[in-house]
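What follows draws every value from the coordinates through simple rules; no lab data is involved. It should be emphasised that the depicted structure is a prediction, and the values quoted were computed from it without experimental measurement. Here Cβ is always computed from backbone atoms with ideal geometry, including for glycine, and neighbour counts include all displayed protein chains.
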Amino acid sequence: MKTVIQVKQISSDEAKAQAFAIRMRVFVREQRVPAAIELDRDDDRAIHFLATSDGKAVGTARVVSHHGSAKIGRMAVLKSYRGKGVGKKLLQRAVATAKKLGARTIYLHAQVPVIEFYEKLGFRCVGAVFNEAGIPHRKMILKKTRKRPQRTQRTQKM
Ligand SMILES: CC(C)(COP(=O)(O)OP(=O)(O)OC[C@H]1O[C@@H](n2cnc3c(N)ncnc32)[C@H](O)[C@@H]1OP(=O)(O)O)[C@@H](O)C(=O)NCCC(=O)NCCS
């Protein structure tokens, strides 16, 4: 049977607890990010997303908007569910939400080893490598897609 991956925006405490548990497993246990900095003040005002695979919570991401920009962050998929399109669905949903919010710039801080993942979805690196939570990162910005000018209907010559 085909696996059903779903991404939903969440707001209940129960769903957020599932999202935070995934972040703890991925960032704190797997990547050794200090637990004290994993959850932060932005979590209170962020829009959170939870990805499920056949109903099991397997991934999360958040969008934080400030001053007309939207920052996508805390993208995490449980190790055994990677490479199955979960991250892509999460990122697409986060980008769509950021656009709906009217963000002029959509950006993120990418861990260097996963830059290609973000590039595949239209993000481009800007600036130098920097250290965040002991991990090398680069800032990436979503390339703006130019809106095609609408064709004006030519009036036919009689
Ligand atoms: C980065 C992460 C979220 C990607 O999630 P995922 O579910 O494995 O990604 P997907 O399966 O949706 O991959 C989408 C595409 O990106 C590619 N991709 C995924 N991870 C990649 C990587 N590390 N390097 C290069 N390409 C990658 C996939 O091959 C796929 O390509 P395709 O569309 O051509 O088939 C996941 O690996 C993860 O949680 N890693 C640990 C935490 C982390 O580093 N988070 C990012 C913080 S900036």
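Go through (1) within 15 Å of the ligand (Cβ to nearest atom); (2) over 15 Å from Leu90 (Cβ atoms); (3) among the basic types (Lys, Arg); (4) free of Cβ contacts under 8 Å to residues at least 24 places away in the same chain one by one and return the number of the condition Lys56 breaks.
Exception for Lys56: condition (2).
Residues in region 17-41 that are surrounded by 16 or more Cβ atoms within 10 Å (Cβ to Cβ) and over 13 Å from Arg74 (Cα atoms): how many?
Looking only at that region, the number is 1.
Give region 42-53 a look and list any residue that's within 16 Å of the ligand (Cβ to nearest atom) and more than 15 Å from Lys79 (Cα to Cα), or say none.
Correct list: Asp42, Asp43, Ala46, His48, Phe49, Leu50.
Only one residue in Phe27, Phe49 is in a strand (DSSP E or B), of a type outside the set (Asp, Glu) and in contact (Cβ under 8 Å) with a residue 24 or more places away in the chain, so which one is that?
Testing whether each residue is in a strand (DSSP E or B), of a type outside the set (Asp, Glu) and in contact (Cβ under 8 Å) with a residue 24 or more places away in the chain leaves just Phe49.
Name the pairs: first residue in region 68-89 and more than 20 Å from His137 (Cβ to Cβ), second residue near the ligand (Cβ under 6 Å from one of its atoms) and in a strand (DSSP E or B), Cβ to Cβ under 7 Å, at least 6 apart or on different chains?
Qualifying pairs under 7 Å: Val86/Val77.
Using beta carbons and a limit of 9 Å, which pairs, at least six apart or on different chains, have the first residue in region 110-122 and over 21 Å from Lys99 (Cα atoms) and the second one more than 6 Å from the ligand (Cβ to nearest atom) and of a type in the set (S, T, N, Q)?
Between residues of region 110-122 that are over 21 Å from Lys99 (Cα atoms) and residues that are more than 6 Å from the ligand (Cβ to nearest atom) and of a type in the set (S, T, N, Q), the close pairs are Gln111/Gln31.
Could you check Lys2 against (1) exposed (fewer than 12 other Cβ atoms within 10 Å of the Cβ); (2) assigned to a strand (DSSP E or B) and say which number it fails?
(2)
Which residue out of Ala128, Ala103, Ala98 is more than 8 Å from the ligand (Cβ to nearest atom), over 23 Å from Thr3 (Cα atoms) and assigned to a helix (DSSP H, G or I)?
Of Ala128, Ala103, Ala98, the one residue that is more than 8 Å from the ligand (Cβ to nearest atom), over 23 Å from Thr3 (Cα atoms) and assigned to a helix (DSSP H, G or I) is Ala98.
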